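*Asks:* Before I ask anything, let me first share the structure, which is written out below as structure tokens.
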Amino acid sequence: MGSLLALAAACAAAAGPDELERSFDPYGRGEPRSAGPAIGLVIRKDNLEQHQEFVDPGTALAIRKGWYEIKVAPTTSIPMPAGYVEATRRHLGKTRLGPQVGDIEGYVAGRPFVEEPDIKDPRAGEKLAWNFRYGAGFGESTTIEPFYWRYRDMKTGTIERTLKFTAHALKFMHRVGEPAPHLPNNPSKLYLALYLKALEPQDLKNTQLLIQHYDDDHKQAEAYLSLGVQRRVRRLATGQTTDAFLGSDVMIEDFQGYNGRISVMKWTYKGSQNLLMPYFNHHEMPLANDLPPEPDGYRFVGLTGQGQCFPHITWQLRKAYVLEVEPLSASHPVSKRIFYMDAQTMQINLGLIYDRRGELWKIGFLGKSHPDHHLPENKGQGGPVDDVFAAVDVQALHCTTGQFKARVDAKTNQPNLFQVQNIRGD
């Protein structure tokens, strides 16, 4: 099997400048508007059937049940960070898949694979997974402060719990900003680290989560949790990343769409389609009145629909790649995921999670704002800004929602923030 995978990788056509341009600007030859839903149209239960080809199955289910309605807005191109695009151009054609899933060779920085995925390529899904992993979604450094999570009873709309976090992310390797391509003093060869700290409520205050992803995809990421009431750091076992995080509808593995390893999944590319995706301009959205505005006047994206479980945003018709992702471990609580990846940004914005019986369990939404219509410091940075999420358990009729205030390329994230000693010393 390994030799066949290696042969398929070796036979892939080398990408050139034209492929690079199309990868970063799929709308350069016109937006996907032919026969698409009209701008301003609200897709609801009574007209869903006419427009179902442009709606993913999870969102369609929510609309069909009368839980949610979506409004169509114009498609906007979202330029990626200039340094990231330039790094892709500089290293074009250097990256190859290795013999096994999870192997990558020659990668330095930028987007690893810019060629249009081919349904006949058995490793097309894996290439898209690498594009996601080495994407520009976090920039080089991101701070989310504050970050509100709410647990909701979908039937009644009751807010059962409100959590307030600060969250941070930092790339250690394959960077395009200085220092590039790697941060110094990284003997463990970490690629990316995530740090989450609870500010409220009181019983969870100072609870901290640290995740350290190695650049070697075959190495299990390190995850550490310190519960504020215990003041003790413990390393999480592999299986705990698929447990409900702090009683929510979210697994650690769900963060950012997918927070696991490429090598532990089977990645199958199912094709592309023009699909309504949760992309919008933050300042044009109905903003929340039930969360206090920030001192700088920033207000959070609102929520709507059944139980206030869905983002109150407009949706854009965008080119999307469809991925089916199946765990290789029989003990995994999920039988498969279906990801809908935005073709321009390579970010996972919609996801369906199926339980061990193969029945739909959860729908995931990750809404992103254009950076030029968000915080002033995000303007011109390139890449979409995380703005709102919802994880909807369609079996239990329960949801967890999240509302962000994200600053891309924040200067406050220093490498020592992402060390275990930082948690112990807090």
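*Asks:* Label-point separation (nm) for Asp290 and Gln240, each offset 7 Å from Cα along Cα-to-Cβ?
*Replies:* A separation of 3.2 nm, rounded to one decimal place.
*Asks:* Moving to a separate point now. Restricting attention to region 128-165, which trypsin sites (Lys or Arg not before Pro) occupy a DSSP loop and are surrounded by at most 13 other Cβ atoms within 10 Å?
*Replies:* Of the trypsin sites (Lys or Arg not before Pro), the ones in loops of region 128-165 whose Cβ has at most 13 other Cβ atoms within 10 Å are Lys155.
*Asks:* Moving on to the next point. Around Ala396, with a cut-off of 14 angstrom between Cβ atoms, what is the net charge of the other residues, counting Lys and Arg +1 and Asp and Glu -1?
*Replies:* Its environment carries a net charge of -3.
*Asks:* Also, quick follow-up: Got a sec to turn the phi values of region 84-101 into Karplus ³J(HN,Hα) couplings, 6.51 cos²θ - 1.76 cosθ + 1.60 with θ = phi - 60°, whole Hz, x for Gly and Pro?
*Replies:* Once θ is set to phi - 60°, the couplings for region 84-101 become 5, 5, 5, 5, 4, 5, 5, 10, 4, x, 8, 8, 9, 6, x, x, 10, 4 Hz.
*Asks:* Per q in 0.11, 0.16, 0.23 1/Å, what log10 I(q)/I(0) does a Debye calculation on the alpha-carbon atoms of region 303-419 return?
*Replies:* For the requested q values the scattering log ratios are -0.48, -0.93, -1.27.
*Asks:* So, one more: So, R0 is 30 Å and r is the distance between the beta-carbons of Arg231 and Glu69; what FRET efficiency does that work out to, to 0.05? All intermediate terms of the calculation are to be shown ahead of the outcome.
*Replies:* On the way: r = 46 Å, r/R0 = 1.54.
So, using R0 = 30 Å, E works out to roughly 0.05.
*Asks:* What percent does the relative contact order of the chain come to when contacts are Cα pairs within less than 8 Å and at least six residues apart? Write down the numbers at each step before the final one.
*Replies:* Values: 982 pairs, mean separation 77.1, N = 426.
Reported relative contact order: 18 percent.
*Asks:* Can you check what the net charge comes to around Thr241, using other residues whose Cβ is under 12 Å from the Cβ of Thr241 (Lys, Arg +1; Asp, Glu -1)?
*Replies:* -2
*Asks:* Something else: For region 68-118, take the alpha-carbon Rg, divide it by the Kirkwood Rh, and send me Rg/Rh.
*Replies:* 1.18
*Asks:* Could I ask something else about it? Gaussian network model of the chain, Cα springs within a sub-10 Å range: biggest mean-square fluctuation belongs to which of Ala87, Ala129, Ala391?
*Replies:* Ala87
*Asks:* Can you list the trypsin sites (Lys or Arg not before Pro) in region 353-426 that are in a DSSP coil and have 10 or fewer other beta carbons within 10 angstrom?
*Replies:* When the trypsin sites (Lys or Arg not before Pro) of region 353-426 are filtered for loop state and at most 10 Cβ neighbours within 10 Å, Arg357, Lys411 remain.
*Asks:* What is the sum of charges around Phe147, taking Lys and Arg as +1, Asp and Glu as -1, for the other residues whose C-beta is under 14 Å from the C-beta of Phe147?
*Replies:* Local net charge: 0.
*Asks:* Would the chain count as rounded, prolate or oblate if I go by the C-alpha gyration tensor, calling it rounded below 1.5 in a/c and otherwise prolate when a/b exceeds b/c, oblate otherwise?
*Replies:* rounded
*Asks:* A follow-up question, please. Taking only DSSP H segments of four or more residues, each worth -39500 (n - 2.57), what value at 222 nm results for the chain once the sum is divided by all its residues, to the nearest 500 deg cm²/dmol?
*Replies:* Computed mean residue ellipticity for the chain: -3500 deg cm²/dmol.
*Asks:* Next up: Report, in whole Å, the centroid distance computed from the Cα atoms of region 274-290 and region 239-273.
*Replies:* Centre-to-centre distance over Cα atoms comes out at 24 Å.
We did not get these values from a lab; they are worked out from the coordinates using the rules stated. Predicted model, so just to flag it, every value in this text is computed and none were measured. Counting neighbours? That spans all protein chains shown, and the Cβs are built from the backbone with ideal geometry, glycine included.
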